[in-house]
Amino acid sequence: MGGTNLDARTAENAVLGSVVMAAGGGGSVELGLRLGQMAVELGHASRVSLDCLSSTTEIAAVAALDEGTREHPSYRLAYHRRALELLTSNAKADVGGLVPVGGGALNVMASWGQAALLDIPLIDASFETPAHPCPWRAFVDLLAHDVPVISLAVVGKPAGGEEQLETFLRGGPGAVSTLIERLAAAGGSYALCFGPLSSKWVRGRAQVGRMSRLIEVGGVLRRATADGGRMVAQAVSQAVGGQLVMPATVAKTSWTRTDGGALGVIRLLDEKERSVRLTHWHRYVALEGDDGRLATFPDLIVTLGARGTPLQADELGEGQDVFVVMAPPQIPSPLEGAAPEAVPDWLAVLKGEGSSTPAVAACAEDRGPLSSRDGSREVERMRGS
């Protein structure tokens, strides 16, 4: 079977590109870099095209949930190894390829690390749709269009727990969503394995070539770092078809909990001291100025540090200089005939329009903050920058 082996430079590019395309989310970047290094050292990490697989190849979709802190993520690659064992034994599957669910440094490199550990090809694709900011929710919704009964294996540990949780569920989309929602609400770290999926279904529903695209964007970013943050922002913007690069300073960040995950509101001041607001829920869902919205999900909104380092939303702090890149949606709908207007207005949902307790308003008023960050210095993680 032909494929492209993972080397250190490719792994770094994949992580950088993943952070850009994850639009302020995507899990621990530091852990993603470590998983990439481990995959390279194992020497079995191979990225293959779907064209290299037979029509009978069974594929598993893999995702990681990690509610540890950015500085101390709790995810372990061994969780995915055990989850795949549960899936193959209970679903009687012979998995010949892996596809990550969603982008982001953790999901992409966890799937690559798992592929290297088990010597299973990583397919050059990902499951992402513009229908929902949360990757696993979007994937379950995608499955629901064609797969009435879903097989899911979960392995991990709840927050503060000592015993490893292992479970296998075969049920409808509602049951699968309920299980994952409960795990996410309880906190902790879990590996998710869905399948088996046919290569024909994957070809019709996945974003084929997505891994190569992440590596390409990451390479553009890395090569521009010697020229400074503004040139990095412009290079990234050009690579993703960006419409605007906005220099700004972080004025205030507020975080709160919602039933569906952490919600952040980041207030910025642009070069003319005008107020701009970023809303983050799994990823950036909106950028608003005084005259209305500048971008809204599924538009791509990216934050870069003063030196061009791609930053996640929870890395932004008061006084920090950043560049904001806005670009058109990067992910087409994998459902034939899906209309753009079918995508919910997630900012309106989070604002609770029609509700007496709008989540964004509560966050903006600093009720129940998750954390505070002084933003006095930017964490630079790109080697050689």
What is the magnitude of the charge dipole of the chain about its Cα centre, with +1 placed on the Cβ of each Lys and Arg, -1 on the Cβ of each Asp and Glu, and no other charges, expressed in debye to the nearest 20? 400 debye
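Could you calculate the contour length gain from GLU273 to LEU165, that is, 0.36 nm times the residue separation minus the distance between their Cα atoms, to one decimal place in nm?
33.9 nm
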If each residue's Cβ is checked for other Cβ atoms within 10 Å, how do LEU183, LEU84, LEU106 rank with the fewest at the top? LEU183, LEU84, LEU106
When HIS282, HIS145 are arranged by how many other beta-carbons sit within 10 Å of their Cβ, fewest first, they go HIS145, HIS282
Can you tell me what share of the DSSP beta bridges in the chain is antiparallel? A percent to the nearest 5 is fine. 90 percent
Using only alpha carbon pairs under 8 Å that are at least six residues apart, calculate the relative contact order of the chain and give it in whole percent. 19 percent
Hits among lysines - C-alpha to C-alpha of LYS92 under 23 Å, sequence gap 8 or more where chains match: LYS200
Give the long-range amide H neighbours of LEU316: residues separated by 5 or more places, or on another chain, with amide H under 5 Å away, using H modelled in the peptide plane at 1.01 Å from N. none
May I ask you to list the lysines whose Cα is less than 24 Å away from that of LYS351, ignoring any residue fewer than eight positions away on the same chain? LYS252
Would you work out if segment 51-200 is rounded, prolate or oblate? Take a ≥ b ≥ c from the square roots of the eigenvalues of the alpha-carbon gyration tensor; rounded if a/c is under 1.5, else prolate when a/b is larger than b/c, oblate otherwise. rounded
Select from THR249, THR178, THR129 the residue whose mean-square fluctuation is largest in a Gaussian network model of the chain (Cα-Cα springs shorter than 10 Å). THR178
Contact order relative to length of segment 4-210, as percent, for alpha carbon pairs under 8 angstrom and 6 or more apart: 29 percent
Name the residue, out of ALA23, ALA61, ALA185, whose mean-square fluctuation peaks in a Gaussian network model built on the chain with Cα pairs under 10 Å. ALA185
Among DSSP bridges having both ends in segment 4-210, what percentage is antiparallel? Round to the nearest 5. 75 percent
Final fewest-first order of GLU128, GLU30, GLU273 on the 10 Å Cβ neighbour count is GLU273, GLU30, GLU128
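Just so you know, all these numbers are worked out from the coordinates, no wet-lab data involved. Please read all numbers here as calculations on a predicted model, not as lab measurements. Ideal geometry is used to build each Cβ from the backbone, glycine not excepted, and the neighbour counts take in all protein chains shown.
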